[in-house]
Every structure is written in structure tokens, then in C-alpha cells.
Amino acid sequence: FGNILKYKARWCARGDLQEKDSRDAYAGTVRVSSLRLMYSISSSGTWLHAVCDVTAAYLQTPMPDDKPVYMHQPQMFNDHSNRILKLLLNLWGTRMAARNWQKDLVAFLESIGFKATPLDAHLHTYKGPLGTIFVCTHVDDLPHIGSTPAVMKWFADTISAKWQVTFGDPEWALGIRV
């Protein structure tokens, strides 16, 4: 069925063995009505739209100090010392990974001047000298629209300085044709 191009491995945490607290196990997502409204504004022709995806978002998010997670060494890297490792960054499978990412993302957006809208906590707005931009948060996808090319470039440069991201001009975004 084809040739193997590369091998990939993912080190996952055993979430089933972690303390169960449902408040920490999710990342909120934008309402579909907010996303539709944002894209209807964009369809007027004067607003620009794009979507960015934060690459390996969970792995770029630090673990909080108040709820540490410890793991055994991976089998293939075990030096038989029976050491236990404290995670410094989130891993796939940790119960708090999604929520930690969401908190980190919202804190970053607020630090650069974004405000959550009163009706949807996952639709953020920024109004500045370069223009206005709306950003939706849907786990690690950030569909956004901007009133000027300058504000879109500012957002792209600012978020790229913080995380590794990929940008695109979506034909489809989160199941909605743009």
C-alpha cells in the first residue's frame, strides 16, 4: 500500500491513572453561531480571513506547578534506574493538557490586547491603530478575520513569535465553507 516515508512516535500519558477532575479536562470551543457571524462579516468583501493552526499545541504548553504530573521513563529510553520524571510540558493523554493549553492561549491573547466577547468567551476581539481583528479559539485552531492587511500581519507575526503555527486561507474552517 505504498512506501514508508518516516516513522513517528508519540509518548502519551496514561490519563486513566490520573486524578479525575472534569473541570480540568476540556478546552472550550467557540460557538458555531459566533463563527458563522464572523464569516458573514468576512464575506462582505472588505474583511480578510485566515485560519492558523498551532503545531503540537499541548507540547508547547507548560505544566502548572500546583498540579504536577509524574511518569515512569518510556520503555525504549529506560536506563533501569527506576527514576520518576516530572513533566515540564503537557503530553498527549494528560487530563489537564487541553485546559492548560486553553489557559495559556487566553492569557497570551489578553496580554497582547484581546478581550473575550461578553456572549462568547471563545471569540476574542482586538481594536488597535492597525485595525480590528476577531479571533475564535477552537482547541488549537484559530480562525480569524481582520479589517486590514496590517492587523492580519501583526497578528500573524505576534502569534508566530510565541508558538510554531501554520497559516492558511481556508476554503473550509471547522466544518463551515468560507
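The values are calculated or read from the model by the stated rules, or taken from the named source; none is laboratory data. Note that this is a predicted model, so its numbers are computed, not measured. Because the Cβ atoms are built from the backbone with ideal geometry, glycine has one as well, and the counts that use them run over all protein chains shown. Note: areas computed on protein heavy atoms with side chains; ligands, DNA, RNA excluded. Shrake-Rupley method; radii C 1.70, N 1.55, O 1.52, S 1.80 Å.
What's the number of the condition Lys20 fails, among (1) under 30 Å from Ser160 (Cα atoms); (2) at pLDDT below 75?
(1)
Could you check how many residues of region 54-86 are charged (D, E, K, R) and either under 23 Å from Leu105 (Cα atoms) or touching a helix residue (DSSP H, G or I) at 6+ places or on another chain (Cβ under 9 Å) (or both)?
So the count comes out to 4.
Specify the residue that is nearest to Phe134 (Cα to Cα); the eligible residues are those in region 28-77 that are open to solvent by 40 Å² or more (accessible area, probe 1.4 Å), assigned to a loop (DSSP other than H, G, I, E, B) and touching a strand residue (DSSP E or B) at 6+ places or on another chain (Cβ under 8 Å).
Among them, the one singled out is Trp47.
For region 115-156, which residues satisfy the criterion of being aromatic (Phe, Trp, Tyr) and surrounded by fewer than 20 Cβ atoms within 10 Å (Cβ to Cβ)?
Trp154, the sole residue that qualifies.
From the set of residues in region 78-101 that are surrounded by 15 or more Cβ atoms within 10 Å (Cβ to Cβ) and not in a helix (DSSP H, G or I), which is modelled with the lowest pLDDT?
Gly93
This table checks each residue for (1) under 12 Å from the mean Cα position of the chain (by Cα); (2) of a type in the set (Ser, Thr, Tyr).
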{"residue": "Gln73", "(1), (2)": "no, no"}
{"residue": "Ala98", "(1), (2)": "yes, no"}
{"residue": "Gly146", "(1), (2)": "no, no"}
{"residue": "Thr158", "(1), (2)": "no, yes"}
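For a quick check of your reading of the model, give me the residue pairs whose first member lies in region 81-92 and is farther than 11 Å from Tyr58 by Cα, whose second is hydrophobic (A, V, I, L, M, F, W, C), with beta-carbon atoms closer than 8 Å and at least 6 apart or on different chains.
If the second residue must be hydrophobic (A, V, I, L, M, F, W, C), the pairs left are Ile84/Met71; Leu85/Met71; Lys86/Val69; Leu87/Ala13; Leu87/Met63; Leu87/Val69; Leu87/Met71; Leu88/Met63.
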